[in-house]
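Since the structure comes first, as structure tokens, the remarks are kept for the end.
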Amino acid sequence: MNDIVISAMTRADLAEVLEVERAGFIHPWSEAMILAELDKPQARIDLLRLDGHLAGYLCSWFLCGELHILNVVTGLEFRRLGVARRLLENAIERCRCQGLERVLLEVRVSNAAAIGLYESFGFLRDGVRKGYYPDGEDALLMSLSINYVPPCD
């Protein structure tokens, strides 16, 4: 990767985010769902731009020492370039400075690539949510405990 910039999403980024979301999923998040996340104080959507192009994004909530990953999306042409890894590293480091204790997420049981990525960070398989996704697929629950790090300066 060349010029990588990670920044918080704003309403001005909505059209680009929707384009990437719709290209990557059979059941994409709606415009209203994404806008609702922008309005929640505990939520953040981090965008990763590669050479000025939106390569992916990560939507998360940070609440009570826990980071809940809601959505990690990589643009089709940017897959297998480490985009999701960089976004996850960024979110964990940002929250670590605020007292992060644990990271939680759900992932499709069929998404072997994502499960492998999460396990490479040390995430553990905690259980299964039956029929979690709109198409009836189960979700694997995963979590990562974070060692205490003193607050950042």
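The values are calculated or read from the model by the stated rules, or taken from the named source; none is laboratory data. Because the structure is a prediction, the values reported are computed rather than measured. Every residue, glycine as well, gets a Cβ built from its backbone with ideal geometry; the counts of neighbours run over all protein chains shown. Surface accessibility is based on the protein's heavy atoms, side chains included, excluding ligands, DNA and RNA. Shrake-Rupley method; radii C 1.70, N 1.55, O 1.52, S 1.80 Å.
Couple of notes before you dig in:
- Qualifying residue in the range 109-120 (condition: open to solvent by less than 30 Å² (accessible area, probe 1.4 Å) and in contact with a Leu (Cβ under 6 Å, 6 or more places away or on another chain)): no
- Considered as a group, the residues in the range 67-92 that are surrounded by fewer than 22 Cβ atoms within 10 Å (Cβ to Cβ) and touching a Cys at 6+ places or on another chain (Cβ under 9 Å) include one that is nearest to ASP126 (Cα to Cα), and that residue is LEU70.
- ALA12 meets all of the listed conditions (1) outside any loop (DSSP other than H, G, I, E, B); (2) touching a residue at least 40 places away in the same chain (Cβ under 8 Å); (3) not polar (S, T, N, Q) but one, namely (2).
- Pair list, Cβ under 8 Å, 6 or more apart: the range 110-130 residue more than 20 Å from VAL83 (Cα to Cα), other residue outside any helix (DSSP H, G or I) and open to solvent by 60 Å² or more (accessible area, probe 1.4 Å): VAL128/VAL109
- Every residue from the range 19-34 that is hydrophobic (A, V, I, L, M, F, W, C), surrounded by fewer than 14 Cβ atoms within 10 Å (Cβ to Cβ) and over 14 Å from THR74 (Cβ atoms): ILE26, ALA32, MET33
- Taking the listed residues LEU70, LEU105, LEU63, LEU47, the one that is over 11 Å from the mean Cα position of the chain (by Cα) and either closer than 24 Å to LEU14 by Cβ or not hydroxyl-bearing (Ser, Thr, Tyr) (or both) is LEU63, with no other qualifying.
- Look at the range 81-101: where a residue is modelled with pLDDT under 90 and a partner is surrounded by fewer than 17 Cβ atoms within 10 Å (Cβ to Cβ), sitting 6+ places away or on another chain with Cβ atoms under 6 Å, you get ARG96/VAL149; CYS97/CYS152; GLY99/GLY65.
- From SER60, SER143, residue being farther than 21 Å from LEU38 by Cα, part of a strand (DSSP E or B) and hydroxyl-bearing (Ser, Thr, Tyr): SER143
- SER110 satisfies every condition listed in (1) out of contact with any strand residue (DSSP E or B) (no Cβ under 9 Å at 6 or more places or on another chain); (2) modelled with pLDDT under 95; (3) closer than 30 Å to GLU16 by Cβ except (2).
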